[in-house]
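Read the structure below first, then the notes.
The values are calculated or read from the model by the stated rules, or taken from the named source; none is laboratory data. Computed from a prediction, not measured in an experiment: that's the story for all the values here. Here the Cβ positions follow ideal geometry from the backbone for every residue, glycine too, while neighbour counts run over all protein chains shown.
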Amino acid sequence: MSIADVLLLDFDHEIANTRRVLERIPENDPQWKPHEKSMPIGRLSVHVARLPDFWTRMITTDEVNLATAKFPPLVFESTAHLLSDLDRSSAEARTHLEKSTDEQLNENWRLSWGDKVIAEAPRKVLYRGMFLNHLIHHRAQLGVYLRLLNIPVPGLYGPSADEPVS
């Protein structure tokens, strides 16, 4: 089994869970946030929907310098648009992951801000830390936002208070 085959097992499961959360993002107040230091729900949900684009950059480039890299603005349009962004970004990321060779996944990739290196490691390591765990982390934040807004939280790894075992 190739490295990509193993990584795809988690990819499909986590993208499906991400869809379940994004389906519940309300459209009425995309600027809502639980704390002054928190990211607004609309911006955070767009970030989550587009995070697979980050993996695509990781597998198709040797490095990204955040001081000069251009990313589209994180502007919330609608829940339907979030799901469309997730479908597009995850399909492209999955295709690149499927085509990845063990050699590519063992090659180092670098993330920097100007001259400061933030991370440099084999892509297979950064896939998990910089993409997949990053996705799960922000998706969990959205779960807290949903709870605070009294929107049912999906059970992603088993039951939740809103989706108990039947």
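Values as computed for the structure displayed
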{"read-out": "Qualifying residue in the range 12-30 (condition: in contact with a helix residue (DSSP H, G or I) (Cβ under 8 Å, 6 or more places away or on another chain), in a loop (DSSP other than H, G, I, E, B) and at pLDDT below 95)", "value": "no"}
{"read-out": "Among (1) of a type outside the set (Gly, Ala, Ser); (2) in contact (Cβ under 8 Å) with a residue 60 or more places away in the chain; (3) surrounded by fewer than 15 Cβ atoms within 10 Å (Cβ to Cβ) - the single one residue 97 does not satisfy", "value": "(3)"}
{"read-out": "Top-ranked residue of the range 49-60 - restricted to ones that are under 17 Å from residue 120 (Cα atoms) and not aliphatic (A, V, I, L, M), ranked as surrounded by the fewest Cβ atoms within 10 Å (Cβ to Cβ)", "value": "60"}
{"read-out": "Filter result for residue 15 (among the β-branched types (Val, Ile, Thr), over 22 Å from residue 119 (Cβ atoms), touching a residue at least 40 places away in the same chain (Cβ under 8 Å) and crowded, with 17+ Cβ neighbours inside 10 Å)", "value": "yes"}
{"read-out": "Those residues of the range 61-90 which are farther than 17 Å from residue 119 by Cβ and exposed (fewer than 12 other Cβ atoms within 10 Å of the Cβ), in sequence order", "value": "70, 72, 73, 75, 80"}
